[in-house]
Amino acid sequence: ALATVRLGLTERWNVSTGLLFAMKLSRAVKANGGYDDVRDLPEQFVRILAGGPQKISIPAIRRPLTIGGLILPFVQDHTEHRTRELVVYDWNDVETHYGVSSSLRAAYYNRSLAFAPFSMTIK
């Protein structure tokens, strides 16, 4: 099963059965908020996916991405948070950097964009 998952992380996610298919449909990979089609992904998410954690100073952009489960505040040093069950974030801090919420989600959307039948240009 692990070999199947690893293969899925490096190949297309176009399987129709098994563990990888179930993961593809799960909340671990798919985001909420109408982002099923990669053409609907907001530009800011694609920037973070391609370039790593970034600031998102405009709440109207940041809010749907966090609610949709695409991004979370990026914590560089997890050492102080290891012993705490919940970590408090200041969601209004414009200096906070945001990253893709999970490595599975990043792998899925990265591969989906790579094999999409269209091109996306970000200025």
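The values are calculated or read from the model by the stated rules, or taken from the named source; none is laboratory data. This is a predicted model, so every value here is computed, not measured. All Cβ positions, glycine included, derive from the backbone under ideal geometry; neighbour counts span all protein chains shown. Just the protein is used for accessible areas: all its heavy atoms, side chains included, with ligands, DNA and RNA removed. Shrake-Rupley method; radii C 1.70, N 1.55, O 1.52, S 1.80 Å.
A few remarks follow.
- Each residue in the range 35-85 was checked for being open to solvent by less than 30 Å² (accessible area, probe 1.4 Å), over 14 Å from R105 (Cα atoms) and modelled with pLDDT of 85 or more, and 3 pass.
- Taken together, the residues in the range 100-117 that are out of contact with any Gly (no Cβ under 7 Å at 6 or more places or on another chain) and within 25 Å of I58 (Cα to Cα) amount to 8.
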